[in-house]
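The block underneath contains the structure these notes are about, expressed in structure tokens.
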Amino acid sequence: MYRDLLADATFHELLLAYDRDLADAARCAGCARCSGVVHAAPYWRKPRGRPRRLGREHDRRYSFCCAVDGCRSRATPPSLRFLGPKVYIAAIVVLIAIMQHGATAPRMRELAEVIGVDRRTIERWRVWWRDSFTATAFWQIARAGLMPPVDPDRLPAALFERFIGDIADRLVALLRFMGPLTGGRMQAR
Ligand SMILES: [Zn+2]
């Protein structure tokens, strides 16, 4: 079922639509440093793990640059598609980690094979969730608002379970929740 969702173009169009809204909001807000007007300064990524038939706009990471001389601050809004510099789309970094906490080994292997992600990468993500994600300022603040507390050893599955709806709804909700980690100065490493 995760596999069908990741292959569904509509799902990726939805993520792109969210990113466009987040980019519009960032453009309207202007420069955080000097309140100046910002110009679009997108950059191109080569995300892995999404259907190849999607258009090139899915590779565009929205970003803005202040138009004021002497400031020129760059601001990158949150994204539901790109999680910091990770080459795989955020949905995969989340779903693979969720499966590690529930799916049987054969199903996990099957998904990894379909996506084309190797075991070392999956292991790196596991460590990222355990050590890096839990150490972010974002998580330190966000966890305080979650009642009952989320088990940090079961991230991100324990978070995923807090959202309602079908898999797509819950995944989108989780990606939106993680938004602050993906943009601006708090970009996940
Ligand atoms: Zn500025």
Query - Qualifying residue in region 51-62 (condition: under 25 Å from Thr136 (Cα atoms), loosely packed, with under 15 Cβ neighbours inside 10 Å and either within 16 Å of the ligand (Cβ to nearest atom) or not polar (S, T, N, Q) (or both)) - result: no
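Could you please let me know if Leu83 is hydrophobic (A, V, I, L, M, F, W, C) and within 18 Å of Phe177 (Cα to Cα)?
Values: hydrophobic (A, V, I, L, M, F, W, C): yes; within 18 Å of Phe177 (Cα to Cα): yes.
When the stated conditions are applied, Leu83 passes them.
Going residue by residue through region 158-166, is there one that turns out to be among the small types (Gly, Ala, Ser), under 16 Å from the mean Cα position of the chain (by Cα) and surrounded by 14 or more Cβ atoms within 10 Å (Cβ to Cβ)? Write out each step before concluding.
Taking region 158-166 and keeping what is among the small types (Gly, Ala, Ser), we get 158, 165.
Now restrict to residues that are under 16 Å from the mean Cα position of the chain (by Cα): none.
Within region 158-166, not a single residue is among the small types (Gly, Ala, Ser), under 16 Å from the mean Cα position of the chain (by Cα) and surrounded by 14 or more Cβ atoms within 10 Å (Cβ to Cβ).
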Requested in this report: Go through region 63-87 and give me each residue that's open to solvent by 50 Å² or more (accessible area, probe 1.4 Å) and in contact with a Cys (Cβ under 6 Å, 6 or more places away or on another chain).
Outcome: Val68, Arg72, Arg74
Requested in this report: Please determine, by comparing only the residues of region 14-50 that are touching a Phe, Trp or Tyr at 6+ places or on another chain (Cβ under 7 Å), in a loop (DSSP other than H, G, I, E, B) and more than 14 Å from Leu83 (Cα to Cα), which one is least open to solvent (accessible area, probe 1.4 Å).
Outcome: Ala41
Query raised in the report: Which condition number in (1) modelled with pLDDT under 95; (2) outside any helix (DSSP H, G or I) is the one that Ala158 fails?
Result: (2)
Report task. Name every residue in region 8-31 that is in contact (Cβ under 8 Å) with a residue 24 or more places away in the chain, within 22 Å of the chain's Cα centre (by Cα) and within 16 Å of the ligand (Cβ to nearest atom), in order of residue number. Result -> Ala26, Arg27
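Could you please find all residues in region 133-152 being of a type in the set (Gly, Ala, Ser) and open to solvent by 50 Å² or more (accessible area, probe 1.4 Å)?
Initially, region 133-152 is screened for residues of a type in the set (Gly, Ala, Ser), giving 135, 137, 142, 144-145.
Result: Ala135, Ala137, Ala144, Gly145.
Considering region 63-99 alone, what residues qualify as being under 10 Å from the mean Cα position of the chain (by Cα) and either farther than 19 Å from Leu14 by Cβ or within 10 Å of the ligand (Cβ to nearest atom) (or both)?
Within region 63-99, Gly84, Lys86 qualify.
The values are calculated or read from the model by the stated rules, or taken from the named source; none is laboratory data. Quick caveat, the model's predicted, so the values are computed rather than measured. Methodologically, a virtual Cβ is constructed for each residue, glycine included, from the backbone with ideal geometry; neighbour enumeration extends over all protein chains shown. Quick note on the areas: whole protein, heavy atoms, side chains included, nothing else; ligands and nucleic acids left out. Shrake-Rupley method; radii C 1.70, N 1.55, O 1.52, S 1.80 Å.
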